[in-house]
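Written out below as C-alpha cells is the structure these notes cover.
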Amino acid sequence: MKFSKSDRFGLFALVLVIVGLQFIIVKDDIWVIDSSVEVDEKLEKYIAQIELVNSFKKPKYFKFNPNKLDVKYWKYFGLSDNQIYLLDSFRVKSKFVDKNQVQEVLKISKKLFVELTPYIYFSKKYKSTSKKVDEKNNYSEFDPNSYSVSDWENIGFSKKQAMSIVSYKDKIGGFKSKKDFKKLFVVSDKKYLEIEKYLKIRKIITEDSDNNYNKIVVGKIDINKATLMQFKSVSGIGDKYAKLLLDRRIKLGGICKMYQLKELNFINDEIYVDLIKTFKVNDEFVPVQININTVKFDVLKSHPYISWKLAKSIVDFRDNFRKYKSVDEIINLEFISVYNFDKIKVYLTAE
C-alpha cells in the first residue's frame, strides 16, 4: 500500500499525538503522586547528612613520632579510649624504641598496624624531660605506689615478686617512705641499691576541715573530688591554674579521661606527667549528663565541647522534627565530627 505525502504527514501527526498523550498521563501521574506526599525538607537534609557520614573515609596518615604524637591524632587514627590510656601510662614511664613495640603496647590490630607502619619514625636522639633516666638500666624516677604488677615486671622483677610487692603495698596502705619498700623480702639488697635513687614517693597534701591540719596521704587522688589545695600540690600548678582546673571540671560535668587535661593550654608535657602520677579517674565514675530532649539552648551551648552552631542544630532537630531516640543520632547533624562526637557522647543522654 502506498501513502501519499498528505497521508504520511497525517500518520506522523497521529504518532506525535499518541506519544504526547502518554507523556502527559505519565507526567500527570507523577504530579499526582508528588502532590499526595508532603516532603519534609529537613528530613531530606538529615538523610543526606547520614549518607555523608556513611561515606566517611579512613583518615589520611602522616609521618609521626609515637613518643611525641598528641593524643587527639591517635584518636584520629582510630585508637580507643582504652588504648589511649595504655599510651599515656607507657609514655609516663618509658619511650617507644621500635615499631613492633607500638603494636605490643597499644594492642593495635594487625590491619591498622600495617597501615601505620610506613609512617612511624623515631628521633635519632631521644631528649628526655626533666625526670632523670638511667639508660643502662632503663630506670626513671617513679612512685612505687603508682606501679602495677606489669610495671614492676618491666624493671626486672618476676611476676611473683611483682605481685608480692603490690600485695604488700595494699596491705600497709601504701609506701610512706623508702624504708617501707626496703622491708620487702622479695627486694634484694643489690636490687634496692639499683633503684633506690629513683624512688620518689609523692607526698600529697589534703585538706582536713574537721581537724584543721594538713595530713599526708599516699596513692592517687580521685580527680573528680580533688580540692584546690590538692591541685596546687602538683609542680607547675599555682592558685590560678588550680582554679582553672576546677572550673574546667565543673563545666564539663566531670573528667572522664586523664588526657582531657591536655586540652588546657597551660598543661605542658611535664605538668601532665605529674598530674597523671598524682590523680586518677575512678572506674565507676559517671559524669553529669545533659538530656538533649529537654535541655535549653543556653545551657547546651555552655558546655566546652558544644559550639553555638552545634547546640542550635541539636535543639532545632528536636523542636522541629522529633525527640531523639538515642544520643547516637546527633552524629547525623551538622557541625559535628566523628572525633568530637566521641568526646561529647559520654556527657549526653536522651530520655
Which numbered condition in (1) surrounded by fewer than 18 Cβ atoms within 10 Å (Cβ to Cβ); (2) out of contact with any Gly (no Cβ under 6 Å at 6 or more places or on another chain); (3) over 30 Å from E141 (Cα atoms); (4) without any contact (Cβ under 8 Å) to a residue 60 or more places away in the chain is the only one that T349 fails?
(4)
Identify, please: which residue in segment 135-146 is acidic (D, E) and at pLDDT 70 or above and is, among those, surrounded by the most Cβ atoms within 10 Å (Cβ to Cβ)?
D143
Any residue in segment 280-287 that is among the hydrophobic types (A, V, I, L, M, F, W, C), outside the structural domain of L246 (by TED's automatic domain parsing) and over 27 Å from Q230 (Cβ atoms)?
no
Say whether the condition of being out of contact with any Leu (no Cβ under 9 Å at 6 or more places or on another chain), outside the structural domain of N268 (by TED's automatic domain parsing), at pLDDT below 80 and surrounded by 14 or more Cβ atoms within 10 Å (Cβ to Cβ) is met by at least one residue in segment 120-134.
yes
Segment 160-171, residues that are among the small types (G, A, S) and without any contact (Cβ under 8 Å) to a residue 12 or more places away in the chain:
S167
I255: free of Cβ contacts under 8 Å to residues at least 40 places away in the same chain and part of a loop (DSSP other than H, G, I, E, B), yes or no?
yes
Pairs returned, first residue in segment 172-192 that is touching a residue at least 24 places away in the same chain (Cβ under 8 Å), second residue that is of a type in the set (G, A, S) and not in a loop (DSSP other than H, G, I, E, B), beta-carbon separation under 9 angstrom, 6 or more apart or interchain, are V186/A162; V186/S164
Matching entry among V327, V299 (being surrounded by 16 or more Cβ atoms within 10 Å (Cβ to Cβ) and touching a strand residue (DSSP E or B) at 6+ places or on another chain (Cβ under 9 Å))
V327
Only listed residue being of a type outside the set (A, V, I, L, M, F, W, C), at negative phi and modelled with pLDDT under 80, chosen from K203, K191, K197, K178:
K203
Boolean, I267 is of a type outside the set (D, E) and either in contact with a strand residue (DSSP E or B) (Cβ under 6 Å, 6 or more places away or on another chain) or part of a loop (DSSP other than H, G, I, E, B) (or both)
yes
When the residues of segment 314-347 are narrowed to those that are outside any helix (DSSP H, G or I) and either at pLDDT below 85 or assigned by TED's automatic domain parsing to the domain that holds G78 (or both), which ends up nearest to F77 (Cα to Cα)?
S337
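The values are calculated or read from the model by the stated rules, or taken from the named source; none is laboratory data. Only a predicted model underlies this, so the values are computations on that prediction, with no experimental measurement involved. Quick reminder, even Gly has a Cβ in these numbers, built from the backbone with ideal geometry, and neighbours come from all protein chains shown.
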